[in-house]
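Since the structure comes first, as structure tokens, the remarks are kept for the end.
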Amino acid sequence: MSHSSIKRIAISTGGGDAPGLNAVIRAVVLAALSRGWECYGIRDGYNGLLLPEQYVDGGLVRLTRERVRGITHLGGTIIGTTNRNSPLEYPIVDKDGRVQYVDRSDELVRNFMLHHIDALITVGGDGSLAIANVLAQKGLRVIGVPKTIDNDLDRTVVTFGFDTAVAFATECLDRLHTTAASHGRVMVVEVMGRYAGWIALHAGVAGSADVILIPEIPYDLNKVIAKIREREERGANFTIVVVAEGARPVGGEIIVKEKAIGRAERLGGIGERIATDLQALTGKETRVVVLGHLLRGGSPTAQDRLIALRFGAAAVRALAEGQSGIMVALDPPNVNYVPLAEVAGRMRAVPLDCDTMMTARDLGICFGD
Ligand code: F6P
């Protein structure tokens, strides 16, 4: 299909929401309308096309100029999202009440055709981009837009949502400093990030944490205790510990809250464990704060809005240029195209020799190693 034959495109948002999704939607819609294309939003990932009977609007929402007015600064996504119900492993309950997981990707591609949708722009993390890659291989014209607060996607300098999450976590650390200092306590702050320590590292450095524990460096609690003692000797009776949800002790495992087929496992609980152990081993009063989904909410920062708007506009330009099977990616000062096959299912961990890590070490921040 040549780009000149595009008349109607769809956009879907998949996986955990991230501040900036609505900015992408607005940019896609305005850039599509200016080319004379119609734009539809698919409800809740691909559910709008796979379970249309569940929606009063049939699962597809016409995205007009009016519908996307004033949404750039709003968190969440106006078309909904899900991190369940992958079309590649779709849960179907059989007549005996058992859940079977089936591949509905062929049916999904057919549904795009039935609705005369010529191309898809899909905004998501590694799971959504892996699905996008399969859909592209099955002949659908697809452009991926990288999104996640975790910043763990390969081949893009940064994902939108990350800066907002880091800004909020940093503000929380500032607030916790004063109460920790007033009470002479250890404050353990658990942040999201899945198997990567980007949020913990960036917020921890910006928010002057004393200890940062990340999945990339299994920690030894004795090193954390030594840091607390060292601070006491220097007259600082409190310590701020930032821990990524995917952190684990040397020789130990990540704490998994929930495991299920067809969706990512849920992490969390390491902060509570560390706080309990630190209080028992140091005798110091310790409190834990889990920032959790607060990191996914709120208004996107100016940086995230700008990246999201640039990604949305670039995705439409890519379609207009006849591209498919690619992800738009930030490669300053440009937005480039990267084949979906090169990013699908790949995760980017924090490089231990990166400048931010070296800065943290120079500041004396303890990583539990
Ligand atoms: O990927 C974004 C993220 O917020 C992770 O940091 C976290 O592990 C996960 O999603 C939480 O998912 P849920 O919304 O299903 O609890």
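Quick one: which strands (runs of 3 or more DSSP E) sit completely within segment 256-356 and have at least 1 residues that are within 15 Å of the ligand (Cβ to nearest atom) and surrounded by fewer than 15 Cβ atoms within 10 Å (Cβ to Cβ)? Let's see the steps before the verdict.
Values: elements: 256-258, 286-290, 326-331, 334-339.
Filter on segment 256-356 gives 256-258.
Total residues in segment 147-199 satisfying the condition of being hydrophobic (A, V, I, L, M, F, W, C) and either within 16 Å of the ligand (Cβ to nearest atom) or in contact with a His (Cβ under 7 Å, 6 or more places away or on another chain) (or both): the figure is 17.
The residue pairs whose first member lies in segment 294-315 and is assigned by TED's automatic domain parsing to the domain that holds Met327, whose second member is among the basic types (Lys, Arg) and in a helix (DSSP H, G or I), and whose beta carbons are closer than 8 Å, counting only pairs six or more residues apart or on different chains, are Leu309/Arg26; Gly312/Arg26.
Would a scan of segment 240-247 turn up a residue that is part of a helix (DSSP H, G or I), under 21 Å from Ile199 (Cα atoms) and touching a residue at least 24 places away in the same chain (Cβ under 8 Å)? Working first, answer last.
Quick first cut of segment 240-247, residues part of a helix (DSSP H, G or I) only: none.
Checked segment 240-247: no residue is part of a helix (DSSP H, G or I), under 21 Å from Ile199 (Cα atoms) and touching a residue at least 24 places away in the same chain (Cβ under 8 Å).
Residue by residue, here is whether (1) in contact with a Gly (Cβ under 6 Å, 6 or more places away or on another chain); (2) farther than 25 Å from Ala313 by Cβ; (3) buried (at least 24 other Cβ atoms within 10 Å of the Cβ) holds:
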| residue | (1), (2), (3) |
| --- | --- |
| Leu140 | no, no, no |
| Asp150 | yes, no, yes |
| Gly161 | yes, no, yes |
| His177 | no, yes, no |
| Ser182 | no, yes, no |
| Arg194 | yes, yes, yes |
| Ala209 | no, yes, yes |
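Checking the stated criteria, Glu66 turns out to be over 17 Å from Val142 (Cα atoms) and without any contact (Cβ under 8 Å) to a residue 12 or more places away in the chain. From the list Asn47, Asn22, the lone residue that is at negative phi, within 16 Å of the ligand (Cβ to nearest atom) and at pLDDT 95 or above is Asn47.
Counting residues that are within 17 Å of Ala308 (Cβ to Cβ) and in contact with a Ser or Thr (Cβ under 6 Å, 6 or more places away or on another chain), which strands (runs of 3 or more DSSP E) fully inside segment 141-230 reach at least 3? Before you say what the answer is, go through the steps one by one.
Working: elements: 142-146, 186-191, 211-213.
Filter on segment 141-230 gives an empty set.
Does any residue of segment 2-10 turn out to be more than 16 Å from the ligand (Cβ to nearest atom), among the basic types (Lys, Arg) and farther than 30 Å from Gly292 by Cβ? Yes - at least one qualifying residue is present in segment 2-10.
The values are calculated or read from the model by the stated rules, or taken from the named source; none is laboratory data. Keep in mind that what you see is a predicted model, and the values were worked out from it rather than measured. Note that we place each Cβ from the backbone using ideal geometry, even for glycine, and neighbour counts take in every protein chain shown.
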